[in-house]
Amino acid sequence: MSQDDFDQLCAYARETAILQSIAELLGWDERTKMPPAAGDFRAEQMTYLSSLVHRRQTDPKVGDWLDKLAASDLASDPHSDAGATIRQMRREYDKLKKLPQSLVEELTRASVLGQQAWVEARKNDDFATFAPILERIVELKRRQADAIGFTECPYDALLDDFEPGETTSNVARILEGLRSELVPLVAAIADSARKPDLEILKRRYAIDKQEAFGKQAAAAIGFDFNRGRLDVTHHPFCAGMGPNDCRLTTRYDERFFPSGFFSILHEAGHGIYDQGLRADQYGLPPGTFVSLGIHESQSRMWENMVGRSQPFWRHFFPQAQQVFPDALRGTTLEEFCFAANDVRPSLIRVEADEATYNLHIIIRFELEQALINDGLAIKDLPSAWNEKYREYLGITPPSDADGVLQDVHWSAALIGYFPTYALGNLYAAQFYAQAARDVGPFDDHFERGEFSSLLGWLREKIHRQGQCYAARELVENVTGSPLSHDALIAYLREKYTGYYGIS
Ligand code: ZN
């Protein structure tokens, strides 16, 4: 009976998801509350759980169930809940089975050692001592790609871990289109005589008030604090760990308002997606997010398209003036919004604005391909990095610490991850334009503090779809066209034409 097999498969997958959620909770605790000396034991706990999860995911009985279900009626519609469950679990099972256990363990070890070495190397601005470790990681990632297999290039196999079903050539084509329009746009903004007064954002914003104000805004756009919470960490993140438990974190800078506030909106955007997944499908593909790029589209949309817009601030600015009277007295809404939308080429990705951010990502994406597909030597990586920063952003990193060593990703063996940040911006713009056509325009709604029209659209079109469609199909279904750079460029152009007077 195929229904019995299917029910057993689902019950088994849910149990695995429960183990994963426990690991997620331990990870959250590690980054927020854990006493410093507990690190070694926590690593032991998490390694134990992850090996348990891996063993369950690759258990031959999963393969048996999937074999039996392959020809059943349940699998006939690949986009139904059952069909998507069978399709996605088959995909995951086959992929995990191809990775030798020894390679998985070597990658885990290399990533732990890599991150430790990276912290030191960045602190000492010393790429040379980090180079052999990175070389080892790149070699292991090439072996991973070979084990999994690929059609066009090894990078495809790595990209698939983060953006399933996407290909290097398609992403390269879209990002090349974006780059060719973004470089002159950023240059025109840099040449504009109009500049915002950034001092507005650097006045004193008391941290307890920032927290209350940020939470109020996150709740207003749709994050449910009855099913989630907000804590403080050095690097903001969102951890979903079950249908009614979503943890956000942020950081505050008393002397820089955007740091805390826009991180809260960003992470709340991730959290709203998690909270919109179908609880009855928890642990199964229809109740799981599609891809990192789609996840990032939700955070970027709420942070940037909504949270940095004038209609949003027409609602929130009077409140902000009451909460921070000393900082904002005498400042106009327009001055505040211009400062919050400042664009300028900078060295550090995580501090970059909405426009130049994409160029930071394109640089990393191109270098990752060169490392994995084209054999770029590690010793040549810093100069290749600096060359691209000069070409795309017009700046030269003064040191490797603020250049090639600035991100943790490569040291953690996360190669293929970076492009999902730019994909997130691209998806966000294309979804947002479609939402505005379907249920907008949103200006009046936001100005009244109403975000439910956009939220309801996202719930129906994206959150409740889970993995029933791959990211690429989802974009086409929802917007009627494949992903392109057009919507993002149109959105950025319109915004910056207003602020910077460029044509
Ligand atoms: Zn994010």
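Each value in this text was obtained by applying a stated rule to the coordinates, not by laboratory testing. It should be emphasised that the depicted structure is a prediction, and the values quoted were computed from it without experimental measurement. A quick note on method: Cβ atoms are made from the backbone with ideal geometry, for glycine too, and the neighbour counts reach across all protein chains shown.
Just to confirm the number: angle between the C-alpha axis of helix 168-191 and the first principal axis of the chain, 0 to 90 degrees, nearest 10?
It works out to around 10 degrees.
Which distance in Å, rounded to a whole number, links the C-alpha centroids of the range 1-69 and the range 298-376?
The range 1-69 and the range 298-376 have Cα centres separated by 36 Å.
Order these by the 10 Å Cβ neighbour count, fewest first: 139, 303.
Listing 139, 303 from fewest to most nearby Cβ atoms yields 139, 303.
Return one number: the angle in degrees, 0 to 90 and rounded to the nearest 10, between the long axis of the Cα atoms of helix 452-461 and the longest principal axis of the Cα atoms of the chain.
30 degrees
At q = 0.24, 0.25 Å⁻¹, what log₁₀ I(q)/I(0) does the range 408-474 have when each alpha carbon counts as one equal point scatterer in the Debye sum?
With one equal scatterer per Cα and no solvent, log10 I(q)/I(0) is -1.07, -1.11.
Ignoring everything except DSSP H segments at least 4 long, calculate the 222 nm mean residue ellipticity for the chain; use -39,500 (n - 2.57) per segment, divide by total residues, nearest 500.
-20000 deg cm²/dmol
Answer rounded, prolate or oblate for the range 80-192, using the Cα gyration tensor with square roots of eigenvalues a ≥ b ≥ c: rounded when a/c is under 1.5, else prolate when a/b is larger than b/c, else oblate.
Oblate shape, in that a/c is at least 1.5 and b/c is the bigger or equal ratio.
Give me the distance between the Cα centres of the range 228-287 and the range 108-181, rounded to whole Å.
When both Cα centres are located, 26 Å separates them.
Give me a comma-separated list of calculated 3J(HN,Hα) values for the range 141-152, in order, Karplus coefficients 6.51, -1.76, 1.60 applied at θ = phi - 60°, integers in Hz, x for any Gly or Pro.
So the J values, rounded to whole Hz, are 5, 5, 5, 4, 4, 5, 5, 6, x, 6, 8, 9.
What percent do you get for the relative contact order of the chain when only Cα pairs under 8 Å and 6+ apart count? If you can, show how the numbers build up before the last one.
Working: 714 pairs, mean separation 104.8, N = 503.
Rounded, it is 21 percent for the chain.
Can you classify the range 299-346 as rounded, prolate or oblate using the Cα gyration tensor, where a ≥ b ≥ c are the square roots of its eigenvalues, rounded means a/c under 1.5, and otherwise it's prolate if a/b beats b/c and oblate if not?
oblate
Name the residues whose placed amide hydrogens come within less than 5 Å of the amide hydrogen of residue 395, ignoring near sequence neighbours (fewer than 5 apart) on the same chain.
390
Please rank 155, 392, fewest neighbouring Cβ atoms within 10 Å first, as an exposure proxy. Don't skip to the end; give the middle numbers.
Details: 155 28, 392 20.
Final ranking by Cβ density, sparse to dense: 392, 155.
Sort 122-133, 74-85, 29-40 by packing, meaning the average of other beta carbons within 10 Å per residue, with the highest value first.
74-85, 122-133, 29-40
Arrange the peptides 320-331, 87-98 so that the one whose residues have, on average, the most other Cβ atoms within 10 Å appears first.
87-98, 320-331
Ordered by packing density, taken as the mean number of other Cβ atoms within 10 Å over each peptide's residues, highest first, how do 493-503, 448-458 rank?
Those peptides, ordered most packed to least, come out 448-458, 493-503.
Looking at the square roots a ≥ b ≥ c of the eigenvalues of the Cα gyration tensor of the range 303-462, which shape do they give, rounded for a/c under 1.5, prolate if a/b is larger than b/c, or oblate? Provide the component values of the computation, followed by the final result.
Values: a/c = 3.14, a/b = 1.70, b/c = 1.85.
Judged from the Cα gyration tensor, the range 303-462 comes out oblate (a/c at least 1.5, b/c at or above a/b).
Output the 0 to 90 degree angle, nearest 10, between the alpha-carbon long axis of helix 310-323 and the longest principal axis computed from the alpha carbons of the chain.
The angle comes out near 70 degrees.
What value in Å³ per residue do you get for the convex hull of the alpha-carbon atoms in the chain?
148 Å³
Could you go through the range 356-362 in sequence order and give the Karplus-derived ³J(HN,Hα) for each residue, using 6.51 cos²θ - 1.76 cosθ + 1.60 with θ = phi - 60°, rounded to whole Hz, and x for Gly and Pro?
Once rounded to whole Hz, the list reads 5, 3, 5, 5, 4, 6, 4.
Mind listing the long-range amide H neighbours of residue 405? Cut-off is under 5 Å, sequence gap 5 or more, other chains count too, H placed in the peptide plane at 1.01 Å from N.
It is none; the list stays empty.
For the residues 462, 18, what sequence is obtained by ranking on other C-beta atoms within 10 Å, fewest first?
In increasing order of surrounding Cβ atoms, one gets 18, 462.
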